[in-house]
Amino acid sequence: MWCRRLACLFSVPCWQSGSTGHRSPWSPRGRRTVPVAAARQHHTAPESLSCAWQLHGDHLELRYANTLMRFDFVWLRDHCRSASCYNAKTNQRSLDTASVDLGIKPKAVRVDETTLFLTWPDGHVTRYGLEWLVKNSYEGQKQRVMHPRILWNAEVYRQAQVPSVDCRSFLETDEGLKEFLQNFLLYGIAFVENVNPTKEDTQILAERISIIRETIYGRMWYFTSDFSRGDTAYTKLALDRHTDTTYFQEPCGIQVFHCLKHEGTGGRTLLVDGFYAAEQVLRQAPDQFELLSKVPLKHEYVENVGGCHNHMIGVGPVLNVYPWNNELYLIRYNNYDRAVINTVPYDVVHRWYTAHRTLTAELRRPENELWVKLKPGKALFIDNWRVLHGREAFTGYRQLCGCYLTRDDVLNTARLLGLQA
């Protein structure tokens with residue numbers, strides 16, 4: 001449809017320019033403001049700009065930088081960045097959106113090499129940079145990745161030879177912190193070496209990038225096989241791959257592990273890139289990927305041990321995607337904590353089990369398993385929205401400390417250092 005319109009835009013018959021010798025508003029060279037009444041068909045900026053626009057009854061259609069965009073007129077008025085509509089000092093909207101006439105239409109439209117100008121019925125002028133529109137349009141967002149990542153299996157990660165960051169560099173320099181965060185954003189895991197093996201020093205490390213998220217487990221916790229909590233993790237048993245706190249409405253974003261002591265055997269940590277596995281499902285069985293991203297499930301944590309009494313319930317699909325570009329941003333996978341499936345009708349539940357089996361098979365492929373031995377002095381940060389973790393059974397005394405971090409603050413730190421997050 002657009003191709004036919006564009007062909008018309010650049011092949012307007014000479015008679016449409018008028019026979020009086022005056023320049024028509026359709027002239028390729030004309031960059032004058034064009035009244036809406038005169039622009040009811042279409043208008044182009046100069047051909048060299050690769051920019052063309054067309055007015056419709058309730059929206060403006062604009063092609064620029066190989067992107068076809070459609071903007072509702074109310075949207076165009078609401079996002080005005082003029083001084084009376086937007087506070088550039090606070091980066092906040094000043095315009096009362098509810099005051100904008102839902103039937104508003106621009107009185108005149110003009111486009112030059114870099115900017116779209118809209119004049120509204122009350123005489124107010126809105127200016128938008130064409131590059132800004134490409135970046136912030138729905139169509140532009142569909143083409144963008146919110147969070148650049150490198151998906152990996154065990155071999156991909158080993159070959160990448162992702163370096164650990166030294167504790168001193170991490171704590172004292174922006175360069176060390178930025179390197180750590182870049183590794184974390186790309187791979188979903190990152191290591192810091194030469195950390196003093198104490199809970200206090202691990203806390204200092206964690207607070208370098210985020211606010212510690214206090215949960216029912218406290219702020220900083222010690223972790224050993226004393227069954228002090230009603231959770232399989234507080235045993236010596238093996239743990240299958242899973243994400244933590246699936247029973248929270250918003251699962252914790254980042255998990256920190258630091259092994260302080262292990263006098264025994266076994267206990268290696270298992271790491272699996274859940275997004276890599278989900279990508280394989282998307283390629284092989286897109287209908288199953290879609291089902292896993294739309295069917296809501298309950299996860300539940302019931303605890304009555306000692307003085308700990310909790311009943312947590314979190315609801316959400318296994319795979320969570322941004323609806324505009326289908327980009328995966330959260331996997332909620334924990335077979336231990338999944339509650340009774342009573343949110344799925346009978347004619348869907350069997351298909352869900354089939355899709356869940358497909359994803360589980362990918363998560364359990366040996367080639368996708370990265371095994372690491374946590375030792376005193378080496379702290380591990382895990383993106384709990386992406387990377388599943390587990391462990392093999394162990395003997396002897398094994399003590400870890402750690403915490404959860406608020407995801408928003410980690411991403412905030414990364415953006416302040418110039419990283420896309």
Read through the list (1) out of contact with any Pro (no Cβ under 7 Å at 6 or more places or on another chain); (2) at pLDDT 95 or above; (3) closer than 30 Å to Cys403 by Cβ, then give the number of the only condition that Asp122 fails. (3)
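Conditions tested, residue by residue: (1) part of a loop (DSSP other than H, G, I, E, B); (2) over 28 Å from the mean Cα position of the chain (by Cα); (3) surrounded by fewer than 22 Cβ atoms within 10 Å (Cβ to Cβ); (4) polar (S, T, N, Q).
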site: Thr360; (1), (2), (3), (4): no, no, yes, yes
site: Trp371; (1), (2), (3), (4): no, no, yes, no
site: Leu374; (1), (2), (3), (4): yes, yes, yes, no
site: Gly377; (1), (2), (3), (4): yes, yes, yes, no
site: Trp385; (1), (2), (3), (4): yes, no, no, no
site: Leu400; (1), (2), (3), (4): no, yes, no, no
site: Cys403; (1), (2), (3), (4): no, no, no, no
Odd one out for Glu367 among (1) open to solvent by 40 Å² or more (accessible area, probe 1.4 Å); (2) in contact with an Asp or Glu (Cβ under 7 Å, 6 or more places away or on another chain); (3) modelled with pLDDT of 95 or more; (4) farther than 28 Å from Gln159 by Cβ: (4)
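Each row is one residue, and each column tells you yes or no for (1) within 19 Å of Ala421 (Cβ to Cβ); (2) open to solvent by 20 Å² or more (accessible area, probe 1.4 Å); (3) within 24 Å of the chain's Cα centre (by Cα).
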| residue | (1), (2), (3) |
| --- | --- |
| Lys135 | yes, yes, yes |
| Ala160 | no, yes, yes |
| Leu177 | yes, no, yes |
| Ile204 | no, yes, no |
Gly188 passes all but one of the listed conditions (1) touching a strand residue (DSSP E or B) at 6+ places or on another chain (Cβ under 7 Å); (2) farther than 30 Å from Leu363 by Cα; the exception is number (2)
Can you list the strands (runs of 3 or more DSSP E) lying wholly within the stretch 266-329 that have 1 or more residues being in contact with a Gly (Cβ under 8 Å, 6 or more places away or on another chain)? 269-273, 297-305, 308-316
Tell me, yes or no, whether the stretch 279-293 has at least one residue that is surrounded by 15 or more Cβ atoms within 10 Å (Cβ to Cβ), among the acidic types (Asp, Glu) and closer than 29 Å to Tyr217 by Cα. no
Scanning the stretch 102-125 residue by residue, the ones that are surrounded by 11 or more Cβ atoms within 10 Å (Cβ to Cβ) and either within 17 Å of Ala83 (Cβ to Cβ) or free of Cβ contacts under 8 Å to residues at least 24 places away in the same chain (or both) total 9
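The values are calculated or read from the model by the stated rules, or taken from the named source; none is laboratory data. Predicted model, so just to flag it, every value in this text is computed and none were measured. Quick reminder, even Gly has a Cβ in these numbers, built from the backbone with ideal geometry, and neighbours come from all protein chains shown. The protein model used for the area step is the full one, side chains on, heavy atoms only, and it has no ligands, DNA or RNA in it. Shrake-Rupley method; radii C 1.70, N 1.55, O 1.52, S 1.80 Å.
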